[in-house]
Amino acid sequence: MITFSNMVLGRDIAGIIFGPFDSNNHLLNSVIMKAVYLWAGENTALMRLPNLVFAVLAIVLLYLASSKLLGRAPAFAAALLLSLRGSVCLYQG
C-alpha cells in the first residue's frame, strides 16, 4: 500500500493536502485513507473499503448515465468493460 505508507503515515490532513507534490498522492484517496486510519487503525481491509465503494459506484453511475444516452445493451457493455478493467478490480493484498 504505497499511498498509505508514503502519503498517510506521519502526515496530518493538511500535510496531505498542502504537502509537496507527488504523483502518487491521489488527494481524495489519501484523505479518506487518513480518516479511516484515524478511526480504525491499521486495518488494511477497512482502508481498502472506500476504494471498493467508489469503484462500484463508478460502475453503477456509468451504467445509469450511458443507459440514458445509448440504451441498456451498450450501457451494460460499458459497465462490464469497466468492471473487468485491471485497475478497477486489482487487489494486491
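Residue by residue, the range 39-45 carries 3J(HN,Hα) couplings of 7, 10, x, 8, 9, 5, 5 Hz when phi is fed to the Karplus relation 6.51 cos²θ - 1.76 cosθ + 1.60 (θ = phi - 60°); x denotes Gly or Pro.
When only alpha carbons are used to place a centre, the range 29-53 and the range 65-84 end up 29 Å from one another.
Take Phe76: with every protein chain present and a 1.4 Å probe, its accessible area is about 130 Å². Can you give me the solvent accessible area of Leu9 with a 1.4 Å probe, rounded to the nearest 10 Å²? Only protein atoms counted, so the area is about 70 Å². Compared with the direct C-alpha span, the chain from Arg11 to Ala65 gains 15.7 nm at full extension, assuming 0.36 nm per residue.
The values are calculated or read from the model by the stated rules, or taken from the named source; none is laboratory data. It should be emphasised that the depicted structure is a prediction, and the values quoted were computed from it without experimental measurement. Areas reflect the complete protein model, heavy atoms only, side chains present, ligands, DNA and RNA absent. Shrake-Rupley method; radii C 1.70, N 1.55, O 1.52, S 1.80 Å.
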